[in-house]
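> What follows is a structure written as C-alpha cells; I'll ask about it next.
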Amino acid sequence: MNNSKKGRGVIKLFLLLSAAAGAFVLFFPLIDERMPSLAERVNAFRGYYTGPLFIDPAVQDSAGGKEYFTNQYHGIKDTMKDQQLYYFIPAADIKLVFSSRYEPFNAPIILNLYRADDLKTVIATDLEVPFESGRQRGARSQMGEDVPDHANWFDYKCRKGIEYALKVLPEENGDIGKEFVVHIDPADGWISIPGLWALFEVFLIVLLVLYYIGKFARAGRKH
C-alpha cells in the first residue's frame, strides 16, 4: 500500500515538474523582462547571448600598450609581428569563437588564449582544432593549395569579468608583415527555449526510468 502511494507520488512529482518547466518556457519573455539576472543565467546555460560581448575597461592601459576588443569592434585588423597580444573582458559567461585570416587568405595563423594574469598557461588554441572541421572546411583546397595542419579558429567558454589575452603568432617567419584580421564572436549551436524544455523532459524521464528500475531491483532482492 505504501509503495503504491509512493509510486503515485513520484508520478505526481514528475507531472508537477513537467508543468513547471512548461510554464517557465511559456512565460520566459516575462522572466527575461522582470528577472534579467535569472534569464541571463538560463541563456548562458543554453549558449545563447545577444547582449554586449565585452566589458570595456574604464581606463585602457595605453602606457602598457594593451589593445582591447570592444563592443564596437569585435574584430581587429593588424600587421603580423613575431607575436602580439589582444585583451578582452567578457560581459557574460559565454562561449566565444576566435577566428583569424590573412588578407588575402594564404596561410594559417596560430591563436593561443590565456588568462591575462597567467601568460604562461595556454587554455585554448587553434592548434588543437583539425582544419577539416567547422567553419573552415575545405577553404584552402578550394584555392588549390595544401590543407594545413590546423584550423584558424577555436571556441572557448569564457567567464564574465575575467580578463583574457589572445596571442597571435605567424605559422612561419615569412608571414611577418602581412595584414591579418582576428575576430571574436558568439558561438553557434545554442539551444532554443523549447529545446531546453525538451532536454529537461528527457532528463526527468531518465530519472523516472532509473527510479522504477531501482524499485524493481529492490523488490527482486526481497523475494
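> Provide the packing ranking of 39-47, 112-120, i.e. peptides ordered by the mean count of other C-beta atoms within 10 Å per residue, highest first.
39-47, 112-120
> Do any of K120/K160; K81/K160; K157/K178; K95/K120; K95/K167 go past 24 Å between their Cα atoms, and which?
The pairs that break the limit, which is 24 Å between Cα atoms, are K81/K160; K157/K178.
Coordinate-derived values only; no laboratory data. These numbers were taken from a predicted model, which means no experiment stands behind them. Glycine also receives a Cβ, built like all others from the backbone with ideal geometry; neighbour counts cover every protein chain displayed.
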